[in-house]
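The values are calculated or read from the model by the stated rules, or taken from the named source; none is laboratory data. Small disclaimer: the values here were computed from a predicted structure and weren't measured. Because the Cβ atoms are built from the backbone with ideal geometry, glycine has one as well, and the counts that use them run over all protein chains shown. Areas reflect the complete protein model, heavy atoms only, side chains present, ligands, DNA and RNA absent. Shrake-Rupley method; radii C 1.70, N 1.55, O 1.52, S 1.80 Å.
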Amino acid sequence: RPDTGLETAVRFPADFLWGAATASYQIEGAVTADGRSPSIWDVFSRQPGAVANGDTGDEACDHYHRYREDVAIMSSLGLRSYRFSVAWPRVQPTGRGPANQAGLDFYKRVLDELQNAGIEPWVTLYHWDLPQALEDAGGWPNRDTAERFAEYAAIVHKEFGDRVRFWTTLNEPWVSAMLGYHNGVHAPGRREPAAALASVHHLLLGHGLATSALRSQDPGATVGITLNLAATSAATDAPADLDAARRIDGLANRLYLDPLLLGRYPDDVVADVAALSDFSFVEDGDLETISAPIDMLGINYYTTNVVAAPDGSPPDPGSPHPAAEDVRHIGRGAPKTAMGWEIDPDGLYRTLKMVADKYPAVPLYVTENGAAFDDEVVDGVVDDPDRVAYFDSHLRACHRAIAAGVPLRGYFAWSLLDNFEWAFGYDKRFGLVFVDYRTQRRIPKTSARFYADVIARNEVW
Ligand code: GBH
């Protein structure tokens, strides 16, 4: 393996859970197979200009037909766990009513394959592919969507509860709400700040209702939610910069962590967005539902925010932060991935530490961490030393957090496969395994070998 210059070996706890993650719309393809109906991503990706190159998830990695080969790859890497999501429009094509057995059967086949391989399944119920029929009825700004989600969650759990121990309700409600309904970069592509804030509440409510549905069916289930979190720091100690950091930390982190773990919305964030929303969508009992105890919190980490006070320059029209479009996002000057995101492994340490220090204790898992780089196949080989270095440094940050007492129990690399990277289409590759989209050939990258060694040794060396 390449010399990263960091030669101290760090060993992980014996029961640390090692895995890799994917999401349904990003890998499955087969979008009309076996009764699946369109999701908001099928519709959005067809809008001109919405996705790079006009790419869609129509074929993606064709995982729907190639899941056996993909589970064999997981085995060859020694993965102990596999985090994937269930496509709601396969299970309930219109988002309501009876289950579509043919759609459920696909996931049964995947679960069988995983069981035979001894790989622990980690099921995410919602990774952004809302049935279009529910968007047509109003989408996440509509309270009924939360009720529909809980009903869907109960169906999936009833079918798979006997073989799935780990359940995640939502992946990254911030992204669903802010990119979907505020800046419109993701499906359904709406630009309605008030609706985005209502979506935050209804996503969290959906999480709470689904959690109680799962618990009533199986009190022993391990249930949680995954948030994208990013430690946020101010460019300087000047009060105006510190206030900018408070505002972005509020919108990016506390707006989700506080209701889930403390049972209330943060007053300062509610005040910051008061011109957009009066939060009248919060009904009696909602915060109790949302803050029902969870068994674990998933954290997806890619990069951090460094922000400075508004300086009078025009607000960013593409900002994902309602009522904070004027805050300036400045970097640290660190090297970037192909996404343009700065590489900040210490930010992962700070993010984990922030959650452990500020909130009641809950087991934590890094449910996604990884990087896109411009990979190339040369003589049948994909050598990706930048990604190896990214994993190496971020795993060391995880280890430092554990040593500092953070209850971090596992880590999932994003992603098992190169896949449909949302608005960026197939241009951006996050996989441990390269996918040639013309042939669907899979080629494990150097980083896959590296990660397999980490898992086998239970250390980064
Ligand atoms: C995850 O979202 C998704 O769960 C996954 O499906 C996706 O493929 C993966 O990440 C890679 O994108 O302010 O420009 O520095 C991550 C979403 C990424 C949102 C980092 C905030 C900060 C970008 N987050 N991003 S920037």
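List of remarks:
- Rg over Rh [alpha-carbon atoms, Kirkwood Rh] for the stretch 1-72: 1.20
- In the stretch 327-391, the chymotrypsin sites (Phe, Trp or Tyr not before Pro) that fall in loop regions by DSSP, at most 16 other Cβ within 10 Å: Trp341
- Viscosity 1.306 mPa s, 10 °C: Kirkwood-radius Stokes-Einstein D of the stretch 221-345 over Cα pairs, µm²/s: 99 µm²/s
- Dipole in debye (nearest 20) - the chain, about Cα centre, beta carbon charges: Lys, Arg +1; Asp, Glu -1: 920 debye
- Here the chain is scanned for GluC sites (Glu not before Pro) in DSSP loops (not H, G, I, E, B) that have at most 12 other Cβ atoms within 10 Å, and the longest stretch holding none of them is 8-282.
- Range of Cα positions in the stretch 14-115 per principal axis (Å), largest first: 48, 36, 23
- Per atom type, the chain shows carbon and sulfur on 51% of its accessible surface, probed at 1.4 Å.
- On the principal axes of its alpha-carbon atoms, the stretch 186-265 has extents of 52, 30, 21 Å, going from largest to smallest.
- ³J(HN,Hα), Karplus 6.51/-1.76/1.60, whole Hz, each residue of the stretch 51-58, x for Gly, Pro: 10, 3, 6, x, 5, 9, x, 3
- All-pairs alpha carbon distance profile, the stretch 386-461, 5 Å steps from 0, percent: 3, 14, 22, 21, 16, 12, 8, 3, 1, 0
- For the stretch 299-438, the orientation-averaged shadow of the C-alpha convex hull comes to 10.6 nm² (one quarter of the hull surface).
- Average accessible area per residue (Å²) across the chain - probe 1.4 Å, nucleic acids and ligands excluded: 36 Å²
- For Lys428, solvent-accessible area (1.4 Å; no DNA, RNA or ligand), Å²: 40 Å²
- Leading residue at positive end of dipole, the chain (Cβ point charges), from Thr168, Pro131, Ala274: Thr168
- Taken over the stretch 288-368, the ratio of Cα radius of gyration to 2.2 N^0.38 Å equals 1.37.
- Using the Cβ of Gly224 as centre and a radius below 15 Å, the other residues enclosed give a net charge of -1, where K and R count +1 and D and E count -1.
- Calculation over all alpha carbon pairs of the chain in 10 angstrom steps from 0 returns a P(r) of 4, 21, 33, 29, 11, 1, 0 percent.
- Kirkwood hydrodynamic radius of the stretch 62-190, Cα pairs, Å: 15.6 Å
- Loop-located chymotrypsin sites (Phe, Trp or Tyr not before Pro) in the stretch 396-449 (DSSP state not H, G, I, E or B) with no more than 16 neighbouring Cβ atoms inside 10 Å: Tyr437.
- From its DSSP helices (H runs of at least four residues, each -39,500 (n - 2.57)), the chain gives a residue-normalised ellipticity at 222 nm of -11000 deg cm²/dmol.
- Per-residue surface analysis assigns Val270 an accessible area of about 40 Å², computed on protein heavy atoms at 1.4 Å probe radius.
- Between the alpha-carbon centres of the stretch 170-184 and the stretch 345-366 there is a gap of 22 Å.
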